[in-house]
Each structure stands twice: as structure tokens, then as C-alpha cells.
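What follows is a single structure, written as C-alpha cells, with notes after it.
The values are calculated or read from the model by the stated rules, or taken from the named source; none is laboratory data. These numbers were taken from a predicted model, which means no experiment stands behind them. Note: ideal-geometry Cβ built from the backbone for every residue, glycine included; neighbour counts use all protein chains shown. For the accessible areas, the whole protein counts, side chains as well, though only heavy atoms, and no ligand, DNA or RNA atoms are used. Shrake-Rupley method; radii C 1.70, N 1.55, O 1.52, S 1.80 Å.
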Amino acid sequence: MRTSNRDRSRFRVASCSIALILLSALLVFSASGLNASYFVYDNATGYHAAVEITDSERHDFIKPGILGEKVPLEVSNITLLYENQTSAEFKNIGRSISFEKGNYTVVFDAKVSNKNFQALFGTNYNITLHLPPGYDVRNPLLGMVSSGGNVETSELNGNETIIIEWTKKTFCEARFYDDFQLELLIIFGTFWMAIAVIFLVPYIMTRKKE
């Protein structure tokens with residue numbers, strides 16, 4: 001017995017609906033993941049971090065070395081939080097902490113050298129870096145953001161701040177600068193432009209006379 005046109009139409013609609021639900025689930029899953037947030041101090045000498053941990057009983061504090069290898073990261077003020085944000089017990093074993101297996105957020109402080117932020121992970125993370133007012137990365141002569149970094153601005157107490165986001169990355173880097181460095185660059189550029197004008201104008205005039 002052949003299926004009626006109405007039944008076949010309902011089957012196609014149901015199939016399309018299921019496909020759309022599966023596609024939506026995949027998109028949500030692909031966009032989700034572990035998160036790591038970093039807040040640079042006002043004086044840019046360090047940062048405060050909050051890094052999610054899932055199904056783990058140990059967390060190593062690491063940073064990239066000269067060749068990109070994993071090297072220990074010196075941290076301080078370590079706090080381990082359950083998913084409900086209450087404090088959890090852990091054992092500090094030197095550049096690493098151990099704890100009961102589960103999902104947590106580890107909070108800590110670390111130093112920043114020469115306004116150059118770097119983070120390294122053993123798996124993909126969604127990373128957010130918050131710069132305090134007065135710091136920027138958008139001038140390519142002074143600042144740099146590693147591949148995949150999305151730079152946005154936000155208002156904090158009436159001042160513009162920079163937020164950089166990376167999606168699903170195991171490494172990120174941002175070199176930032178302050179207003180004083182930008183002023184020095186402008187002064188330096190203006191000086192050399194003036195020098196160029198002083199030497200080029202007589203040369204151009206001489207060429208015209210010839």
C-alpha cells in the first residue's frame with residue numbers, strides 16, 4: 001500500500017524538524033567549552049585569573065617558554081571554587097594543585113612582564129582578557145594580538161576599556177601599551193617627519209630648478 005501524499009509531507013516536515021534540532025544542538029555544543037578570564041591590574045604588573053577545570057583532580061600552572069614549550073608559572077593567592085562558587089579544599093604541590101576529582105574554577109594571581117600577556121592550556125579554552133583604562137592593543141606599531149583574538153571596547157566608570165576574546169584556543173598572546181608610550185610614538189614620528197621635510201624640500205626645489 002502506497003503512503004499518502006499527506007503522510008509523506010508530514011514525514012518530511014518531521015525529518016526537517018529533527019535535523020534543525022540536531023544542527024542547533026551541534027552549534028551550541030561547538031560554541032561552548034571551558035572558559036578562562038584574565039583581569040590585568042591597573043599598573044599592568046600582573047593579572048587576576050579565573051580558569052574553569054572539568055573532570056579533573058589536578059591543575060598545573062603553566063606558561064609558554066622561549067620555544068613555546070610548557071614551563072611552570074609562578075602564581076599566588078590561589079583559591080579553588082566549586083561550581084556553586086563555594087570554596088573547595090586543595091593541596092598545593094608547587095606550581096600545581098591537587099583536589100578531589102570534579103568540576104571547579106581556580107582563581108589566582110600572576111605577574112605580567114613588559115606588558116606582554118600570554119596564556120597556555122592543555123585543551124581548548126574560550127579566553128577573555130580585560131585591560132584596565134589607559135591601555136590598548138590596537139596600534140600595530142606598539143600592540144599585538146595573537147591569531148583569532150577579537151578586540152572590543154567597553155565602558156568602565158566612564159572610561160573606555162579594551163576586552164580581547166579568543167574562542168577555542170590553547171594559546172593566546174597580547175602585547176599592550178599605555179597612553180605615555182603612544183605619546184612617545186607620536187612625538188618620535190613627528191620628529192622624523194620634520195627631519196624628512198627639512199631635507200626633502202631643498203632637494204625637490206633643486207630638482208625643479210634643474
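Of everything in the range 143-181, what is surrounded by 14 or more Cβ atoms within 10 Å (Cβ to Cβ), polar (S, T, N, Q) and out of contact with any Ser or Thr (no Cβ under 9 Å at 6 or more places or on another chain)? Give them in sequence order.
146, 167, 181, listed by residue number.
Using the structure shown, decide if residue 122 is touching a Ser or Thr at 6+ places or on another chain (Cβ under 8 Å) and surrounded by fewer than 13 Cβ atoms within 10 Å (Cβ to Cβ).
Against the criterion (touching a Ser or Thr at 6+ places or on another chain (Cβ under 8 Å) and surrounded by fewer than 13 Cβ atoms within 10 Å (Cβ to Cβ)), residue 122 qualifies.
From the residues in the range 56-77 that are at pLDDT 95 or above and acidic (Asp, Glu), which one is surrounded by the fewest Cβ atoms within 10 Å (Cβ to Cβ)?
So the residue we want is 74.
Would you mention how many residues in the range 125-142 are open to solvent by less than 40 Å² (accessible area, probe 1.4 Å), at pLDDT 95 or above and out of contact with any Asp or Glu (no Cβ under 9 Å at 6 or more places or on another chain)?
Final tally of qualifying residues: 2.
Quick check on residue 142: is it in contact with a strand residue (DSSP E or B) (Cβ under 7 Å, 6 or more places away or on another chain) and farther than 25 Å from residue 82 by Cα?
yes
Looking at the range 114-135, which of its residues are over 20 Å from residue 161 (Cα atoms) and among the hydroxyl-bearing types (Ser, Thr, Tyr)?
The answer is 123, 125.
Evaluate the range 101-112: report whether one residue or more is assigned to a strand (DSSP E or B) and modelled with pLDDT under 95.
No; the residues of the range 101-112 include none that is assigned to a strand (DSSP E or B) and modelled with pLDDT under 95.
Which ones in the range 79-100 are assigned to a strand (DSSP E or B) and either among the basic types (Lys, Arg) or open to solvent by 30 Å² or more (accessible area, probe 1.4 Å) (or both)?
79, 87, 91, 92, 98, 100
Taking interchain pairs and intrachain pairs at least six residues apart, which have beta carbon atoms under 9 angstrom, with the first residue in the range 133-145 and under 17 Å from residue 184 (Cβ atoms) and the second of a type in the set (Phe, Trp, Tyr) and assigned to a loop (DSSP other than H, G, I, E, B)?
From residues that are under 17 Å from residue 184 (Cβ atoms), the pairs are 135/176; 136/176; 137/176; 142/176; 143/176.
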